[in-house]
Amino acid sequence: MSSSAPSDIEKNVHIPSSGGNSSDRNDFASGATEPRGNWTTRFVDSFKRDPNAHVAKPGQVSNPREYDHLAAAEATANSGLAMKLKGRHLQMIAIGGSIGTGLFVTSGAALSTGGPASLVIAFIIIGILMFCTMQALGELAVTFPVAGSFSAYSTRFLDPAWGFAMGWNYAIQWLVVLPLEIVAASITLSFWPGANDTNKAAWVTIFLVVIVTINFFGVRGYGEAEFLFAIIKVIAVIGFIILGIILNCGGGPEGGYIGGRYWQTNNVPADYSGYLLGQPPGSIRSGAFHSGFKGLCSVFVTAAFSFAGTELVGLAAAESANPRRTLPTAIKQVFWRICLFYIVSLTIVSLLVPYGDDRLLGDSSEDAKASPFVIAINNAGIEVLPSVMNVVILIAVLSVGNSSIYGSSRTLAALAEQGQAPRILAYIDRSGRPLVAIIAASSLGLLCYVVAGGQSDANTALNWLYSLSGLSSIFTWGSICLAHIRFRSAWKKQGHSLDELAFRSQVGVYGSWLGFLLNCLVLMAQFWTAAWPIGYGTFTASGIAQNFFLAYLAAPVVILFYIPYKIYYRTPFMKTSNMDLQTGRRELDTPALIEAERVERMQLPRWKRIYKIFC
């Protein structure tokens, strides 16, 4: 059911009070337990610590070198975060929340590196991986809507040391995404000559202030902003798909049927607009594949980066008013986003832009401002739409930057709750905001001022931040799949049945195994292309080393977090019989609620029952 309104049976179910109870906190914040005062007093008081928040206290663990996973589970279940996200927020975060630089900008580098066939195949493979992962995450997040989500699941169902590594891996991923997206936004602005002549430090200041301000409005501000941003991005992508089909069929101002000629080797027509760059007609390279199988493997990390952020809907479950009813719908809609907004749109792009176009990002540093979506419209001779599309790209980039503060601050706060980060980061104010974590995440945005040093510095920063962010998603997704596999094993061993689960993965444990294996294959493929890049025979030793760390930097970061923590705390691999399957479950009468919903669903018309299976 997509509605977030409680059913009759839910109204009669008692949900136990805890430090994370949003009603207690909101009553306090709204003045139900003390005089409201004037607006300045209320504003100042909203930043004070929430008196109902339960933060992990020193002394919970008798042996400081022995990790107390039960106390960690209790802390993440009672974090004090505000539960204000509605169904429409979660649905739009799931549908368009992560559409940004990866799809609109760096997909050009992927097209240039691997060719159109490699681009589409890589995104299909990562899309299958993502679908299986999100189904697993949906089941876990509906059952345990706790702070920290997947990093907390790794701690609870795998190994506290691995949960520590995954939490910091995910936090760092989003911490670097903020300056990354602002750098990308400044590059996007250089599409217009007037903006290109303005000092980039002025633009990054404006972007940073806007993004930080949105996050200081709390989770409701983030949800409303992402709702608006996602609608704009979804409309733009659908519009581009329709326009692309028309242009491919010869309906543009320039006319001429294109079809699949750019998938054919060296068959670019003489009237292709690329010759306006000073290249002789017919010199633009084309073809289905570029650099063979290694070219395909090289695209995986770009595809992974493009899908990064899809899992944010699971992180937002802890701040959802009713995740049991709203989250399943959002999870199911991920499938349509993968198919429509990624696979279809990039297939259209590959039909309109040959991989040899030197304007693609990664082919020429001075043309880094160009997006394959903008190039495709430019090639059709449409004068106004490229600027409109560039505005959409700018909004998408800033949207992901907005999500980066949300993702990193919530993860840092959850790590602090579990005793895996400085405790000050677990500070939750009376509005339910992890205030110190938001400030810490926002301060990393100051790295974006590197763009003031010039275009070369901007591209260098873009490449290194991109390398640290891209591959870390693979570790996160693999851990989600493995945590789901272990959870199902513990669920069965401790005497529970699948009928007790409010939401079950549509692909089950087999889907999680497939997702986990695909994640491992992507890691191996990326290691191969990182250690032996395309054309590595022409590289110097230092060039190969630099290329390896640019492509595989996240792996040593994860290892450096995992091994020392594992050795120091001597954390055990969690046994199924010892896993905590109760803490964090908001509803005690889930089987009765599920049965009531089943009866309600059976009363719906047949077409609507079928619709609910997929949406």
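Out of residues 5 or more away from S320 or on other chains, whose amide H comes under 5 Å of its own, with H placed 1.01 Å from N in the peptide plane?
HN-HN under 5 Å from S320: L85.
Short version: ³J(HN,Hα) in whole Hz for each residue of region 395-402, in order, from phi by Karplus 6.51 cos²θ - 1.76 cosθ + 1.60 (θ = phi - 60°), x for Gly and Pro, what are they?
So the J values, rounded to whole Hz, are 5, 5, 5, 5, 4, 5, x, 4.
Tell me, what is the 1.4 Å probe accessible area of M524, in Å² to the nearest 10?
110 Å²
So which of K332/K492; K84/K566; K294/K575; K493/K566; K492/K566; K200/K233 end up more than 32 Å apart, counting from Cα to Cα? Write down the numbers at each step before the final one.
Numbers: K332/K492 25 Å; K84/K566 36 Å; K294/K575 40 Å; K493/K566 26 Å; K492/K566 28 Å; K200/K233 25 Å.
In this structure, K84/K566; K294/K575 exceed 32 Å between Cα atoms.
Rounded to the nearest Å, what's the spacing between the alpha carbon centres of region 473-546 and region 169-238? Just the number, please.
Here the answer is 29 Å between Cα centres.
With θ set to phi - 60°, apply the Karplus curve 6.51 cos²θ - 1.76 cosθ + 1.60 along region 199-209 and write out the HN-Hα couplings as whole Hz, x wherever there is a Gly or Pro.
4, 5, 4, 5, 5, 5, 5, 4, 4, 5, 5
Keeping every protein chain present and rolling a 1.4 Å probe, give me the accessible area per residue for region 84-584 in Å². Numbers along the way, then the final one.
Values: 16660 Å² over 501 residues.
I get 33 Å² per residue for region 84-584.
Using modelled amide H (1.01 Å from N, peptide plane; none on Pro or chain starts), what sits under 5 Å from the amide H of D429, excluding residues fewer than 5 places away?
Counting only residues 5 or more places away or on other chains, the set is D50, L435.
The values are calculated or read from the model by the stated rules, or taken from the named source; none is laboratory data. Keep in mind that this is a model prediction, so the values were computed, not measured. In case anyone asks, the SASA skips ligands and DNA or RNA and just uses the protein heavy atoms, side chains included. Shrake-Rupley method; radii C 1.70, N 1.55, O 1.52, S 1.80 Å.
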